[in-house]
1. Got a sec? Which of 114, 141, 137 is touching a strand residue (DSSP E or B) at 6+ places or on another chain (Cβ under 8 Å) and either in a loop (DSSP other than H, G, I, E, B) or surrounded by 11 or more Cβ atoms within 10 Å (Cβ to Cβ) (or both)?
2. Tell me whether segment 77-94 contains one or more residues that are within 28 Å of residue 9 (Cβ to Cβ) and at pLDDT 95 or above.
3. Can you spot a residue in segment 44-64 that is surrounded by fewer than 17 Cβ atoms within 10 Å (Cβ to Cβ) and in a loop (DSSP other than H, G, I, E, B)?
4. For segment 25-38, does any single residue satisfy the condition of being out of contact with any strand residue (DSSP E or B) (no Cβ under 8 Å at 6 or more places or on another chain), part of a loop (DSSP other than H, G, I, E, B) and surrounded by 17 or more Cβ atoms within 10 Å (Cβ to Cβ)?
5. Could you tell me which numbered condition residue 68 fails, if it satisfies all but one of (1) at pLDDT below 90; (2) in contact with a helix residue (DSSP H, G or I) (Cβ under 9 Å, 6 or more places away or on another chain); (3) over 23 Å from residue 135 (Cβ atoms)?
6. Between a first residue in segment 11-35 that is touching a residue at least 12 places away in the same chain (Cβ under 8 Å) and on the phi > 0 side of the Ramachandran plot and a second residue that is surrounded by 17 or more Cβ atoms within 10 Å (Cβ to Cβ) and outside any loop (DSSP other than H, G, I, E, B), which pairs have beta carbons less than 6 Å apart while being 6 or more apart in sequence or on different chains?
7. When you look at residue 4, is it farther than 20 Å from residue 88 by Cβ, without any contact (Cβ under 8 Å) to a residue 12 or more places away in the chain, in contact with a helix residue (DSSP H, G or I) (Cβ under 9 Å, 6 or more places away or on another chain) and surrounded by fewer than 19 Cβ atoms within 10 Å (Cβ to Cβ), yes or no?
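The values are calculated or read from the model by the stated rules, or taken from the named source; none is laboratory data. Remember, it's a predicted structure, so these values are computed and weren't measured experimentally. All Cβ positions, glycine included, derive from the backbone under ideal geometry; neighbour counts span all protein chains shown.
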């Protein structure tokens, strides 16, 4: 999938995603359909925390593989990230998403995207493959978030 993916195409994808996220509005307290117990704000917290983690995942490609590292537990990580952001308002989460986007775009500058990442959900994947997967992951959540906010627009 990521064979022909370049750093610049990934950068463009993350920048485009950020512009869409920045335009989101609606009832952030509305339930996020398909995400049991989550509100639209919780889903935004997941998006922003994921975006903020990406530059660290890219940087891990320049590190030796970890030893005795437990497998990535997405449910545990997601719950922790949403919990840590529970007191933030949506604007702070949008700002965090922007910061994460800026960091991932910078991290993708002048890096060999064929190096393998050592952290996150895709250890052993090339940077290109891991970031392409994460970009797709973020887009899917964004579609869900837009649908949730559209069903519950602000009055």
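1. Exactly one residue qualifies, and that residue is 114.
2. Start the filter on segment 77-94 by keeping residues that are within 28 Å of residue 9 (Cβ to Cβ), which leaves 77-78, 81, 93-94.
Checking the rest, the ones that are also at pLDDT 95 or above come to 93-94.
Scanning segment 77-94 turns up at least one residue that is within 28 Å of residue 9 (Cβ to Cβ) and at pLDDT 95 or above.
3. In the first step, residues of segment 44-64 are kept if they are surrounded by fewer than 17 Cβ atoms within 10 Å (Cβ to Cβ); the result is 56, 59, 62-64.
This time we only want the ones that are in a loop (DSSP other than H, G, I, E, B), so: 63-64.
Yes, some residue in segment 44-64 is surrounded by fewer than 17 Cβ atoms within 10 Å (Cβ to Cβ) and in a loop (DSSP other than H, G, I, E, B).
4. Among the residues of segment 25-38, at least one is out of contact with any strand residue (DSSP E or B) (no Cβ under 8 Å at 6 or more places or on another chain), part of a loop (DSSP other than H, G, I, E, B) and surrounded by 17 or more Cβ atoms within 10 Å (Cβ to Cβ), which makes the answer yes.
5. (2)
6. 26/149
7. Details: farther than 20 Å from residue 88 by Cβ: yes; without any contact (Cβ under 8 Å) to a residue 12 or more places away in the chain: yes; in contact with a helix residue (DSSP H, G or I) (Cβ under 9 Å, 6 or more places away or on another chain): yes; surrounded by fewer than 19 Cβ atoms within 10 Å (Cβ to Cβ): yes.
Yes.
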